[in-house]
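J.: Sending over a structure as structure tokens; questions will come in a sec.
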Amino acid sequence: MAKALTVRAIEALKPGPGRAEIPDGLIAGLYLVVQPTGRKSWAVRYRSAGRTRKHTIGAYPGIDLSNARELARRALVAVASGRDPGAEKAEARRSGEAAQRAERDRFERAAESYIERYAKANTKADTWRESQRLLAKNVVPLWRARRLQDIAKRDIIDLLDTIVDRGSPVAANRVLAVLRRMFGWFVERGVIAANPCAGVKAPTAEKSRDRVLTDDELRALWQACDGLSEPFGSLVRLLMLTGQRRDEVGQMTWLEVDLDARLWTIPKERAKNGQVHDVPLSDQSVAVLSGIKRIAGDRQLVFTTTGETPVSGFSKAKQRLDKAMPGAPPWVLHDLRRTMASGMARLGVNLPIIEKVLNHTSGSFGGIVGVYQRHSFADEKRAALAAWGLHLSRIIKEQQPDG
């Protein structure tokens, strides 16, 4: 008959070349399992439905001798009542794992995982933040608890129809692009078998914009900036003078600006193409920047009202500009880039220089040309922006003819 185990005996046990089970003489069916590595654990053996079964209690010394006996007694009482504690534990573990997988595959959790693991690592900050915003605004509220595996092509189409019906057709295109990449990533990871966005066409055909502001409109816009609260007036004027992207200008910091050298350097982290971009500052640009009131803050932002975050509220500022320019055809802030490019062409600036000013890597500098063309065009860019600044200044000073 087996002897009752003691703490001293358990501590003295040495591992052998193979796995060993030492029975406890006090509780029939309770065993101390000793692995060749020295690891020790508790198990109960019993019979259920005519078969010998094993129920693992836990590791020693996390579960000491006294607790192991108490847990063994409970398991054996369950067996006596017709239950199978080993099978119940296995089923509970499977249910828990299934619940974990189901929770992990809920759309809200999956979207968070996509942003954290893929988007932040493979796209620029502005891009992943926009993807995060589009998902949070348009998709998560509707699909929060849905499993990825349950989302089909019809669901994608219904979602896009909902966005279009509320008057946001371009947003529907953007949402489709984000979802296509997100579901594609989960296909690559083996979470889903197929991408539900496959074969779904963008709901709206987007037309290439060709809006260019006239000289009269540029003059009216410059004057309308006087009616904007700062720093919006200065921001819009700098958009007109430099032709850079709205967020590149809006998130400008004083650390990027050298007024003495008359140069603004956009770091690669903020440039759309991921390349450092030098923007020579014309006399007019320097004058605008010199007139901006500096607000203290760790980030040294140029266009800010708090000192901590870049200015926001562009849509309201744009509405005020539109009211100050009655009769002007619809336009957006991004059209100011095209307007500057068109104006430079009118002034005789060559297309490659205009592309360098705009920081375009396609067109004249795409493909193999971009690989071997390393000339910075610094002097040419400075001359082009100086000419544009002077031209814009002349337009602003002209008197608008009477109707």
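J.: Any idea which of ALA68, ALA78, ALA28 is at pLDDT 90 or above and not assigned by TED's automatic domain parsing to the domain that holds PRO141?
T.: ALA68
J.: Looking for whichever is more than 27 Å from the chain's Cα centre (by Cα) and among the aliphatic types (A, V, I, L, M) here; the options are LEU255, LEU239, LEU221. Which one fits?
T.: LEU221
J.: How about segment 185-214: which of its residues are surrounded by fewer than 17 Cβ atoms within 10 Å (Cβ to Cβ) and part of a helix (DSSP H, G or I)?
T.: VAL187, GLU188
J.: Here's another thing I want to ask about it. Condition check: surrounded by fewer than 17 Cβ atoms within 10 Å (Cβ to Cβ), of a type in the set (A, V, I, L, M) and in a helix (DSSP H, G or I). Does VAL170 satisfy that?
T.: So VAL170 fits the description; yes.
J.: Just checking, how many residues over segment 61-74 are over 18 Å from LEU13 (Cα atoms) and within 50 Å of the chain's Cα centre (by Cα)?
T.: Summing the residues that are over 18 Å from LEU13 (Cα atoms) and within 50 Å of the chain's Cα centre (by Cα) in segment 61-74 gives 2.
J.: Still on this model: If I filter segment 109-132 for residues that are surrounded by 12 or more Cβ atoms within 10 Å (Cβ to Cβ), farther than 30 Å from GLU248 by Cβ and not β-branched (Val, Ile, Thr), do I get at least one hit?
T.: There is at least one residue in segment 109-132 that is surrounded by 12 or more Cβ atoms within 10 Å (Cβ to Cβ), farther than 30 Å from GLU248 by Cβ and not β-branched (Val, Ile, Thr).
J.: When you scan segment 267-296, how many residues do you find that are of a type outside the set (Ser, Thr, Tyr) and either in a helix (DSSP H, G or I) or more than 25 Å from the chain's Cα centre (by Cα) (or both)?
T.: 16
J.: Taking THR214, is it more than 26 Å from the chain's Cα centre (by Cα) and free of Cβ contacts under 8 Å to residues at least 12 places away in the same chain?
T.: Judged against the criteria, THR214 is a match.
J.: Residues in segment 49-56: is at least one aliphatic (A, V, I, L, M), farther than 30 Å from ARG146 by Cα and not assigned by TED's automatic domain parsing to the domain that holds LEU142?
T.: Yes, segment 49-56 contains at least one residue that is aliphatic (A, V, I, L, M), farther than 30 Å from ARG146 by Cα and not assigned by TED's automatic domain parsing to the domain that holds LEU142.
J.: With the structure loaded, tell me whether ALA2 is loosely packed, with under 15 Cβ neighbours inside 10 Å, over 25 Å from GLU88 (Cα atoms) and not assigned by TED's automatic domain parsing to the domain that holds VAL79 or whether it fails that test.
T.: Answer is yes for this residue.
Yes or no, residue by residue, for (1) over 17 Å from VAL178 (Cβ atoms); (2) not hydrophobic (A, V, I, L, M, F, W, C):
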site	(1), (2)
LEU71	yes, no
ALA80	yes, no
GLY86	yes, yes
ALA110	no, no
LEU135	no, no
GLN149	yes, yes
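J.: Would you mind finding the one in VAL212, VAL191, VAL236 that is under 30 Å from ASP105 (Cα atoms) and either outside the structural domain of GLY327 (by TED's automatic domain parsing) or in contact with a helix residue (DSSP H, G or I) (Cβ under 8 Å, 6 or more places away or on another chain) (or both)?
T.: Result: VAL191 is the single residue among VAL212, VAL191, VAL236 that is under 30 Å from ASP105 (Cα atoms) and either outside the structural domain of GLY327 (by TED's automatic domain parsing) or in contact with a helix residue (DSSP H, G or I) (Cβ under 8 Å, 6 or more places away or on another chain) (or both).
J.: Would it be correct to say that SER131 is touching a residue at least 12 places away in the same chain (Cβ under 8 Å), among the small types (Gly, Ala, Ser), in a helix (DSSP H, G or I) and out of contact with any His (no Cβ under 6 Å at 6 or more places or on another chain)?
T.: yes
J.: Taking only segment 1-18 into account, find how many residues are free of Cβ contacts under 8 Å to residues at least 40 places away in the same chain and out of contact with any Asp or Glu (no Cβ under 9 Å at 6 or more places or on another chain).
T.: 11
J.: THR309 versus (1) under 34 Å from the mean Cα position of the chain (by Cα); (2) in contact (Cβ under 8 Å) with a residue 40 or more places away in the chain; (3) within 19 Å of ARG246 (Cα to Cα): which is the lone unmet condition?
T.: Against the list (1) under 34 Å from the mean Cα position of the chain (by Cα); (2) in contact (Cβ under 8 Å) with a residue 40 or more places away in the chain; (3) within 19 Å of ARG246 (Cα to Cα), THR309 comes up short only on (2).
J.: Tell me, which residue of segment 42-60 that is surrounded by 12 or more Cβ atoms within 10 Å (Cβ to Cβ) and within 18 Å of ALA2 (Cβ to Cβ) is farthest from the chain's Cα centre (by Cα)?
T.: TYR46
The values are calculated or read from the model by the stated rules, or taken from the named source; none is laboratory data. Keep in mind that what you see is a predicted model, and the values were worked out from it rather than measured. Glycine also receives a Cβ, built like all others from the backbone with ideal geometry; neighbour counts cover every protein chain displayed.
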